[in-house]
Amino acid sequence: MLKFMISIIDYGAGNLKSVSKALEKLGMNAVITSSFKEINKSKAMILPGVGSFGDCMNSLKSKDLDQCIIENVQNGKYLLGICLGLQLLYEKSYEEGVWAGLGLLKGEVLKFDPSNKIPHMGWNNLTKGKEDILSHNIEDGEYVYFVHSYYAKPENIEDVVFWTEYGVKVPAVVREKNIIGMQFHPEKSGPTGFKLLKNFGELIK
């Protein structure tokens, strides 16, 4: 097991246990926590997300976890946002109103065109956007599992490690330095998802 600790941030929403179990299978040491002390001393953070953008941001803010996350990222700590957690990394979402996100990445979150079946649910393949440690040992066309009605539109497309297609080009994996997002659920995406989580572990080791 890797000696360093990964904080899975508990703000009252998210698939916390499934993420924790996936990391455990990969030999990574993780704790589910909302403690500033635990988060501050960890080597990396994971921000899972299930539910609506506004509710999740309000929950983070009510616990001051938004500032804790931002300060740790500014200090160079790695952050991985999963599903809605990726969307929270951006500046703004238009999910049932207009909501400010964490603002760690430039861009906004938009709803899929209603001509597509919403939510986008199921297995979709990945197309490589750029070479990165996160893409190690992963080929174009591998499948991962998505469940979402909104998608990120990044200002900096060079941040996109993998794309997928669902009526529009959707950023599936993004990375800007120590800020990483995966729009799908790696913990539910079979061997490919586990390879991505393993690559994340190698990145922060």
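Numbers for the structure displayed
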{"quantity": "Residues of region 39-65 classified as more than 23 Å from Val109 (Cα to Cα), buried (at least 17 other Cβ atoms within 10 Å of the Cβ) and without any contact (Cβ under 8 Å) to a residue 60 or more places away in the chain, total", "calculated": "2"}
{"quantity": "Some residue of region 109-126 being in contact with a helix residue (DSSP H, G or I) (Cβ under 6 Å, 6 or more places away or on another chain), buried (at least 16 other Cβ atoms within 10 Å of the Cβ) and part of a strand (DSSP E or B)", "calculated": "yes"}
{"quantity": "Yes/no for Gly51 being more than 21 Å from Leu134 (Cβ to Cβ), touching a strand residue (DSSP E or B) at 6+ places or on another chain (Cβ under 9 Å) and not hydrophobic (A, V, I, L, M, F, W, C)", "calculated": "no"}
{"quantity": "Residue count for region 85-99, restricted to those that are out of contact with any Ser or Thr (no Cβ under 8 Å at 6 or more places or on another chain) and either surrounded by fewer than 20 Cβ atoms within 10 Å (Cβ to Cβ) or not polar (S, T, N, Q) (or both)", "calculated": "10"}
{"quantity": "Members of region 134-144 that are over 22 Å from Lys111 (Cβ atoms) and surrounded by 13 or more Cβ atoms within 10 Å (Cβ to Cβ)", "calculated": "Leu134, Ser135, His136, Ile138, Glu142, Tyr143"}
{"quantity": "The one condition in (1) buried (at least 18 other Cβ atoms within 10 Å of the Cβ); (2) under 18 Å from Arg175 (Cβ atoms) that Gly103 fails to fulfil", "calculated": "(1)"}
{"quantity": "Among (1) in contact with a His (Cβ under 9 Å, 6 or more places away or on another chain); (2) surrounded by fewer than 21 Cβ atoms within 10 Å (Cβ to Cβ); (3) farther than 24 Å from Gly103 by Cα, the one test that Val147 misses", "calculated": "(3)"}
{"quantity": "Flag if Val19 is β-branched (Val, Ile, Thr) and surrounded by fewer than 20 Cβ atoms within 10 Å (Cβ to Cβ)", "calculated": "no"}
{"quantity": "Meets criteria (surrounded by fewer than 24 Cβ atoms within 10 Å (Cβ to Cβ), of a type in the set (D, E, K, R), within 24 Å of Ser18 (Cβ to Cβ) and touching a residue at least 60 places away in the same chain (Cβ under 8 Å)) for Lys77", "calculated": "yes"}
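No lab work stands behind these numbers, since they all come straight from the coordinates. Keep in mind that this is a model prediction, so the values were computed, not measured. When we count neighbours, we look across all protein chains shown, and the Cβ atoms used for this are built from the backbone with ideal geometry, even at glycine.
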